[in-house]
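Have a look at the structure below, then the notes.
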Amino acid sequence: MSGSRPDAESIAYAGVVGQAELLREGALSSAELVDLLLDRIARFEPRLNAFRLLLPDEARASAAAADEARRGGDTRPLLGVPIALKDNIALTGTASLSGTGSPEPVATADDELVRRIRDAGMVVIGKTQLPELAMWAATESRHHGVSRNPWDPDFVPGGSSGGSAAAVASGLVPAAHATDGLGSIRIPASCCGLVGLKPSRDLLPSAAHWHGLSHTGFVTRSVRDTAMLIDVLSEGIARLVDTVTAAREPIRIAVSVKPASPTRVHPEVQSVHRRVAGILGELGHTMVDRDPAYGSALAGANSLRYLGGVAQDQAALVDGKATERRTRALAWLGRRIPNRGIHWARGVGDDFGARMAAFFDDVDVLLTPTMPVLPRRAGELSRRGTLRTLPLMMPCPAYTGAWNAAGLPAVSLPAGTTPSGLPIGVQLIGPTGGEDLLLGVAADLEAAIGWTARRVGEV
């Protein structure tokens, strides 16, 4: 092989762009990369519980095929780069259990996004854990156990894409697929010190979960990694990589710490948010204190769509009873929401999106915290009923869920830590189709904060 080969730890933490460059330069083969990551998974997975299913044989076969294609002159930018999939997406030959104990059938066809991932030459290494039906902001369930935060295993990695976030943060894969119904990309990204973009509605193919709230995306180690994935997998719709590396003119950034629903904002979260606003001001941007007009009905409307979606997802299972009692309780509530209630709730989201279009006529980007609270201790949800779980989880999407309803792009990126070393994220929101502007600002902030080079255990 040609090219200079870094040590194994550096390779594992190189991210999507870094690993793609190593493969392109011939510093290592995709087969070697997959073996390196599988060895790392074998060492760290017992502590983290990030994966529901590993596919070592399939991954090695895909890696060998990628290496052969590269020798034949194939120049696809993500050829041979590994990725993990959240266990709620169809992958031929595997069942998607979605955190439940239901005996779901083996998929006979790939989801459209999986087809694009395969067409890009990426190597699927396994499927990651999630809470039942992607319902909670902590990745733990009766059937599949507790997933843990690599920065401190005593805490959760967030949810629902917590398994994906734990895998990327610990260098088990450079990127992982994630879904976001009320914050399930951005919340685990914040908990695990990652970049998590919820794209504009329909930028990537996405299953129609939770009555239009759910979006598809990824968790990655850097803004550029996210840009590269979106560029390739949007099949030409997005052009983001050049944007994140280009020089930018100063813009107007609204600053708000107001959540969409009443909740206490932790002082450490507020401190990190203020510091980031100061950094953006030092970068030359005009900072404006301005709160979005969420409206009193938005949180309740999102709750109706959430409950109705849980009911639909539970009803679609082979065995809906193979779920936790609290899941069945929420599904029962969801089944009692009339169609007119869901129609009203979607209208509330559309109205909010229209108000935000006017909001972004005057400012370019909005800065908020990602979460009002810090990550909870692992296992706190275990064996809890509905009435004891909901109060713990309800504050988590206070800054994130609104943007699902509006269909606007929103990205969480690491911005600081608690005194004990747990990551804290901030969120940037932009207008529809504004991923280029959003990720451009995020890239500048990422460079100023200097988080990307950090590895688990470093503060």
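The helices (runs of 4 or more DSSP H) found entirely in the stretch 381-459 that carry 2 or more residues being under 24 Å from Ser214 (Cα atoms) and of a type in the set (D, E, K, R) are 435-449. Taking each residue of the stretch 34-58 that is in contact (Cβ under 8 Å) with a residue 40 or more places away in the chain and looking for partners that are surrounded by fewer than 16 Cβ atoms within 10 Å (Cβ to Cβ) and not in a helix (DSSP H, G or I) with beta-carbon atoms closer than 7 Å, six or more apart or interchain, yields Asn49/Gly145. In the stretch 165-231, counting only strands (runs of 3 or more DSSP E) that sit wholly within it, the ones holding 3 or more residues that are touching a Leu at 6+ places or on another chain (Cβ under 6 Å) span 215-220.
Of all the residues in the stretch 293-320, those that are in contact with a Lys or Arg (Cβ under 7 Å, 6 or more places away or on another chain) and assigned to a loop (DSSP other than H, G, I, E, B) number 1.
Taking residues in the stretch 362-391 that are in contact (Cβ under 8 Å) with a residue 40 or more places away in the chain and over 30 Å from Leu445 (Cβ atoms), and partners anywhere that are outside any strand (DSSP E or B) and basic (Lys, Arg), the pairs with Cβ atoms closer than 7 Å and at least 6 places apart or on different chains are Gly385/Arg325; Gly385/Arg326; Thr386/Arg326; Thr389/Arg326.
Is one or more of the residues making up the stretch 416-435 over 16 Å from Leu366 (Cα atoms), modelled with pLDDT of 95 or more, under 16 Å from the mean Cα position of the chain (by Cα) and not hydrophobic (A, V, I, L, M, F, W, C)? Within the stretch 416-435, one or more residues are over 16 Å from Leu366 (Cα atoms), modelled with pLDDT of 95 or more, under 16 Å from the mean Cα position of the chain (by Cα) and not hydrophobic (A, V, I, L, M, F, W, C).
Scanning the stretch 323-378 for residues that are under 30 Å from Gly416 (Cβ atoms) and assigned to a loop (DSSP other than H, G, I, E, B) yields Phe360, Asp362, Val363, Asp364, Thr370, Met371, Pro372, Val373, Leu374, Pro375, Arg376, Ala378.
The condition of being among the hydrophobic types (A, V, I, L, M, F, W, C), in contact with a Gly (Cβ under 6 Å, 6 or more places away or on another chain) and without any contact (Cβ under 8 Å) to a residue 60 or more places away in the chain holds for only one of Val219, Val272, that being Val219.
Sort out which residues of the stretch 232-255 are part of a loop (DSSP other than H, G, I, E, B) and either of a type in the set (Val, Ile, Thr) or under 22 Å from the mean Cα position of the chain (by Cα) (or both), and write them in order of number. Within the stretch 232-255, Ser234, Glu235, Gly236, Ile237, Ala238, Arg239, Leu240, Ile251 qualify.
The values are calculated or read from the model by the stated rules, or taken from the named source; none is laboratory data. These numbers come from a predicted model, not from an experiment. Glycine gets a Cβ as well: all are built from the backbone with ideal geometry, and neighbour counts include every protein chain shown.
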